[in-house]
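Asker: Just dropping this structure here.
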Amino acid sequence: MSKTTLTISSKNYSSWSLRGWLMVKMSGLDFTEISVPTDTADARAELLLLSPSILVPSLSHAKVKVWDTLAIGEYLNEIAPKANLLPSNQVHRAHCRAICGEMHSGFSALRSSLPMNIKAKMKGFKVWSKAQLDIDRITEIWKECLLSYKGPYLFGKQMTLADAMYAPVVMRFLTYGVSLTPACMKYCEEIIATPYMKEWIEAAQAEPDDIEELEVEF
């Protein structure tokens, strides 16, 4: 039995679960997944953005329990430093933390109007103007990072916490057919081509469609 466990929710719908799961995968730690059923009131509230707190992911490692996604990332960076979850350069590391924090606390219009739904493909989806502002800011972040650090990931040749934080946005953009520049589309393709994302997407596609509210085309 692994001493490390990660509690997550739906792989199709839960963007926070994806972020935490990617972080643990990238850290190289052996871990066991614990899934929270989506038919509980708390889980549905989290998935439907009605809960004031994020219930998942929650990491248990030895006697330590960490339940905030950014805290999970920082903790993993400390216990698995060779994984390079944050850039080694101090300035680059500060930049990485800044855009992770922006994703963690911002982009509420995008979250509410383009919920993650990996199995869905929304044709002709009309993006709300406030959500478009979030999209514009995110693609600005991506373009700046890809230009500064030369890709293929946001901080160079290796995935960092920033890529884990923005991976659910990649899935949203693909689900809703968001128009992207060639550079940003290439970044999306790089993310979904990773073995970790292939594993997650395959599991998401195998899940039952049990959150009817998130099957609605907004």
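Throughout, read-outs are computed from the coordinates displayed, never taken from laboratory work. Small disclaimer: the values here were computed from a predicted structure and weren't measured. With ideal geometry, Cβ positions are generated from the backbone for all residues, glycine too; neighbour counts draw on all protein chains shown.
Asker: Can you sort His61, His104 so the residue with the fewest Cβ neighbours within 10 Å comes first?
Answerer: His104, His61
Asker: Relative contact order (percent) for segment 90-201, with alpha-carbon contacts under 8 angstrom and 6 or more residues of separation?
Answerer: 32 percent
Asker: Using the structure shown, list the pairs from Lys3/Lys65; Lys11/Lys126; Lys3/Lys63 with a Cα-Cα distance above 20 Å, or answer none. Display every interim value, and only then the final one.
Answerer: Working: Lys3/Lys65 12 Å; Lys11/Lys126 25 Å; Lys3/Lys63 9 Å.
Exceeds cut-off: Lys11/Lys126.
Asker: Here's another thing I want to ask about it. Leaving out same-chain residues fewer than 8 places away, which lysines sit with a Cα under 23 Å from that of Lys143?
Answerer: The reachable lysines, counting only those whose Cα sits under 23 Å from Lys143, are Lys130, Lys157, Lys186.
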